[in-house]
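Here's the structure we're looking at; comments come further down.
The values are calculated or read from the model by the stated rules, or taken from the named source; none is laboratory data. On a predicted model such as this, the values are computed, not experimentally measured, just so you know. When we count neighbours, we look across all protein chains shown, and the Cβ atoms used for this are built from the backbone with ideal geometry, even at glycine. Areas reflect the complete protein model, heavy atoms only, side chains present, ligands, DNA and RNA absent. Shrake-Rupley method; radii C 1.70, N 1.55, O 1.52, S 1.80 Å.
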Amino acid sequence: MRIVVDENMPHAQALFAEFGEVIPLAGRQICAADLKDVDALMVRSITRVDRALLADCPRLRFVGTATIGTDHVDKALLAERGIPFVSAPGCNKVSVGDYVLSALLVLAERHELDLGRMSLAVIGAGNTGECVAGKAQALGMKVLRCDPPRARQEGASGFVDYQTALSADIVSFHVPITEQGQDASFHLLGAKEIARCPAGQILINASRGEVWDNEALLVRQQGAAPLRLVMDVWEKEPEVLAALVPHTELATPHIAGYSLEGKARGTWMLYQALCQQEGRQPRAELERLLPAPDVTELSPGRAADQALIKQLVHLIYDVRRDDARFRARLAIPGSFDEQRKGYPERRELSSLRLTGPFGEDPALAALGFRTQA
């Protein structure tokens, strides 16, 4: 087989080499000519798999994306041509959950907030949204879930409508980008909604940039009653509305899901799917692909409260490092993609085992740490 992979897909060479030739290419630059004699295509969210890309690929018999979202893939076209398609739902949900948790703890310290007395609304309670919700509940927060498709399927109990969700102290968005239908998410947070948000409300977007109207946000932020914004995604990526960045609390280049485990898990899920299609038993194991973390075990010296949780979380991942790097390089052409391509190693909270009498706290386990049994 000849397999084209996004060059930023970790462990692709090690996992797919058993099938044949692995051809790494820059995700934004993969074109139709690259697929002429290719059997399988493995992409991430920056490659649009559409009619133009698939114009001349008679051998193509497998397409996979190592991402949760699939809005960059024309699934109807693949089905029409009988080409199997696989995504990686949930592959980086823990990583995004860690990102949101780290951001919440940064803002809590910066603005002297007691998170346990605050409410958080999750817009889109799927794999990622539920992970965020679980971490928020472990902090003692009141969680509101807004997910109309789930509410229609499961019943309204346990869900709130969008306007109620927007009344929460903190609102975190985890929806795919869609432009049509009753659940369209393009500019879900538009000028009308932005104008109604109370001053100082915390809004987090770690889903897709087009879910928020960036221009309308800039207008609001330049006024007398700005919001507190955490933005990992942007309209028109890799271009960024640079004027908005100084008006954010935290700004990063679409890396919320970029933990070592999350990226490896996405590639691994595609490897497993290709093995199944080709009638093979997987030969590789995910755990063996990952290096040992810098810190493997720690014993807390006291019971966990918000301050101690902040220390533990930021020992593993402090979002301020990504924020500082993003701001410092904002004016450099091409830096958005370069920061993603050269993203430093980052582990998930599960890489740290907590031991001792204070390491058994169920809340720490619910946050994602491995705890002493």
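Key figures for this structure:
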read-out	value
Anchor residue 236: lysines whose Cα lies under 26 Å away (excluding residues fewer than 8 positions away in-chain)	75, 93, 192, 263, 341
Contact order normalised by residue count of the chain, Cα under 8 Å, 6+ apart, percent	15 percent
Bridge type composition, the chain - antiparallel percent by DSSP, nearest 5	0 percent
Net length gained if the chain between residue 355 and residue 161 were fully extended (0.36 nm per residue, minus Cα distance)	65.7 nm
Under 5 Å, built H, 5+ apart or other chain: amide partners of residue 144	120, 121, 122
Label-to-label distance, nm, for residues given as residue 59 and residue 36 (7 Å Cα→Cβ offset)	1.2 nm
Part-to-part distance (alpha-carbon centres) for segment 117-152 and segment 61-91, which is given in Å	27 Å
Residues with amide H under 5 Å from that of residue 62, placed H, sequence gap 5 or more	41
For the chain, convex hull volume per residue from C-alpha positions, Å³	151 Å³
25 °C / 0.890 mPa s Stokes-Einstein diffusion coefficient of segment 220-373, Kirkwood radius on C-alpha pairs, µm²/s	134 µm²/s
The chain - percent of accessible surface contributed by carbon and sulfur, probe 1.4 Å	50 percent
Extension gain (nm, one decimal) between residue 330 and residue 182, 0.36 nm per residue minus Cα-Cα	49.7 nm
Burial order of peptide ranges 166-172, 62-68 (average beta-carbon count within 10 Å, highest first)	62-68, 166-172
